[in-house]
Structure formats: structure tokens, C-alpha cells
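Just below is one structure, and these are the notes that go with it.
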Amino acid sequence: MNSGTPRLGTLTSGLDYYKLTMSQLQYEHYPTTAVTFRLQHRGTADLLRYIDIDALQADLDALAHQGFLASELAYIAGLRNSSGGAVFVPAYIDYLTQHHLPAVRVSTDAGQLQVETSGVWPLVTFWETIVMSAVNQHYFAGFVARHERMLDVCAIGQQRLDAKIAVLQANPAIKIIDFGTRRRFQADWHMHVVQQLHHHCPQNLIGTSNVALAQQLGLRPIGTFAHEMPMVYAALTDRHGGDVRASHQRFLQDWYARYGVDLAIALTDTFGSNFFFADFSLSQAQQWRGLRHDSGDPIAFGERTIAFYAERGIDPLTKTIVYSDGLDMATILRIQQHFAGRIQLAYGWGTNLTNDVGLTPLNIVMKTSSVEGQPAVKLSDHVGKHTGPAAKIAAYQQFFMV
């Protein structure tokens, strides 16, 4: 691994696949909608102690100027769905070819790192995972250089990775997806982890969210949509005085119309899972492949999901839950042992997979903060993950009350 100057690589090195799938829908439905994304630091680490903001700004500027490489666009254009058709239509590939990403602003405020970007939604969206991976890259490069910890970090990380591999090899039924781009230790370490899993646990690793790793290692790129989709749909509806509650269903219908069953894994907690289960129709429960859990108790969620399907005459074994909330090996084993043989399971494994090297991972997110000047809101099943101004959160809790 490189302990010197951070290497951000190309755009797809820090890009998760769901940014592309979301961007295409945004391009088709809301190509001129202006959004703002802002970095949020939920932890206590002193980011500015180890991050040179001028260097971070320069690296992000270079990525914006570089844009997608021709080889990356060719790879994206060549991806196929289960019917053999292109996932991404030629007009969208042309759009990516002809447009650069908007600028990112790196600054400080009251001793805190600030990163913000604004522009049209189909382009701004890409910065979320790219910025988060860049912030981690700069922070941890600065940390290990100052403390001369790289050898210790590598040894600890390898020891912990070996232990994970041993457990996975003993449990071939556990299916994992690398979700580690956003909060990884470093890009080189991310590559190393996924290569090791690909080599030692091919029966467990079913794909990666990282576009570059999927391309370079020949893995399946996996991703559907994130909270930003229903958040922006709701904010736009709110801005125009429409039925905010109905915006969620409109988004689900737009998504399925574009991608069909291939990408039909529904994220349940943008406005609370109580609302989701009330809003998800019988036909959607039958058509969609499954659900993604991203907050709240995983066992309680699984039991609720199984009951939801069973009550509607749907065999839960025909559906999948993708767990993606703060997973570690012990949690994965607990979920697997509890639900094995009752519903299909997969695990989108992030921070504890690609940033388990003996250092404290950063607790950062980069969320949609506003849409055409309207605040964007997320209501999680975990209060600490709520996003938006307090007054708007309270209003949305009324909108989405069940």
C-alpha cells in the first residue's frame, strides 16, 4: 500500500454502481433539477488535523476535469441486464461523455471540514461516494504518515481479514457484496481486500458496488438506489405543494418502469419502515425481488419482512433481504443463523470489511441537503440518521405517519 501522497485514481475508483443507476433515472426524469450535496461528519475525529484541504481540493478538481475515461464509459455501456439488453442507454452514455462533473468546494467552518457541491442532479450525484472515499484517503494517509503506523496497520488489517476469510470459507451459504467504497481505509487496501475475497472465497463474494473493481477484477457490479431518490422526489413535491406522501410511490413506479425486476430491491427506511410496509402494494411485493435493510434492529426487520410476505400469500423463500447497516462478522453470523432456510439473504458489507485495520473509521456521510432550494429530509429507523432541518423533520414525521 501507498503511505505517501493519496492516490484517488479515476472517477470510477471512488464510484459505487448505484450512482450510475440512479443518475440514469435522474437524467431521464429530472435532467435540469438543481441539488446540493453536503458532507456531514457524525463522529468526533479531528479531520483537519490530518487532511490538507488544498491537496484535497486539488485532487477533486483534477477528477472533475478528467471526467470519465473512454475505457470506463465503454465498460459501463457494455453492461447487460438479465434479458441481454443494455443497462445504460446510448443517450445516457453520450450525456456522460459530453458533460463534466460540477465543481466541489472544500473549505473550513468553525474548525470543521466542509465539502459541498451543487449542480444538476444527474451529475452532482456522483460526488457522494467519490468525495467520501477521497476524504478517507486523505485522512488516513495523513494519519499513518504522521504516526508511522503503516506497517502496523497492514499487519493488523491482514490478520483480521484472514480471520474473516476463515469464517466465510466455513460458511459458504453466506453471500456478501463489497459495499466498502465510501468509508474504506485506502483505495489500495480496498483492492487488496476484494482480491483476497475473490481468490479465497469465490463462493461467498457475489459482487462489488465499486465500478472500478468490478471492471478490473471481472466481478458483478451490484447496486440499486439510495435514500437520495425518494428524498429528492419528496422535496420536489413539497416545493410545488403536492402530496409529499404520494411521492414515494411515484418514485418506486418510475424505478421499476426503468429497471424492472433486475434492480428491484427496495430500500425501506427513507421515511421509516412503518410507512414503507404500509405503502408497498401487493403487486409490488409480488414483483420486486426483495428489500434492503439499512437501519433499525436487523432481526426484528427480518421477522417483519417474512410476516409481510407470508400474510400476502408470498413464499418468503422467493424473496431476498440485503442487509447493509454497520455489519461485522458477528452480526452477519447472527442474522444468517436466525433466518437460514426462511428467506434469501445477502450482506452489503462496508466499513468493517474495508476499514478494519486497527484504526477508528470515520463516521461521515454525504447527503442531499437541498433540492431547488427546498430542504431534503430523511427519516431513518434510527433517530441518529435523520437528515434535514428540525422543523422539516417534524413536518415529514407527520406526512409519513402510519
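The count of lysine pairs in the chain with alpha-carbon distances below 21 Å, taking only pairs 8 or more places apart or on different chains, stands at 9. Here are labelled values, [x] 213; [y] 133; [z] 191, and one is the computed volume of the Cα convex hull per residue in Å³ for what I pasted. Which one? Only one option fits the structure, namely [y]. Near S369, once Lys and Arg are set to +1 and Asp and Glu to -1 for all other residues with Cβ below 15 Å from its Cβ, the sum equals +2. Considering helices alone, the calculated mean residue ellipticity of the chain at 222 nm is -14500 deg cm²/dmol, with DSSP H runs of length four and up weighted by -39500 (n - 2.57) and normalised per residue. Evaluating 6.51 cos²θ - 1.76 cosθ + 1.60 at θ = phi - 60° for every residue in segment 232-244, the Karplus couplings come out as 6, 4, 5, 5, 5, 5, 4, 4, 9, x, x, 7, 4 Hz, glycine and proline recorded as x. Taken about its Cα centre, segment 131-206 carries a charge dipole of roughly 240 debye when the Cβ of each Lys and Arg holds +1 and the Cβ of each Asp and Glu holds -1.
Remark: the chain carries a charge dipole of roughly 520 debye about the Cα centre, counting +1 on each Lys and Arg Cβ and -1 on each Asp and Glu Cβ.
When the Cα positions of I130, S118, A91 are compared along the charge dipole of segment 85-165, I130 comes out farthest toward the positive end, with charges on each C-beta of Lys, Arg, Asp and Glu.
Summing charges over all other residues whose Cβ lies under 11 Å from the Cβ of F301, with Lys and Arg as +1 and Asp and Glu as -1, gives -4.
Highest-first packing order for the peptide set 208-220, 357-369, 326-338 is 208-220, 357-369, 326-338, based on the mean count of other beta carbon atoms within 10 Å. Going by amide H atoms built from the backbone, whose H comes under 5 Å of the H on Q374, apart from near neighbours? Sorted by chain and number, the residues that satisfy this come to none at all. Legend: calculated FRET efficiency, F277 to A173, from the Cβ-Cβ distance at R0 = 22 Å, rounded to 0.05, equals 0.25.
Read-outs: derived from the displayed coordinates by stated rules, not from any lab. Since the structure is predicted, the reported quantities are computational estimates derived from the model, not experimental observations. Note: ideal-geometry Cβ built from the backbone for every residue, glycine included; neighbour counts use all protein chains shown.
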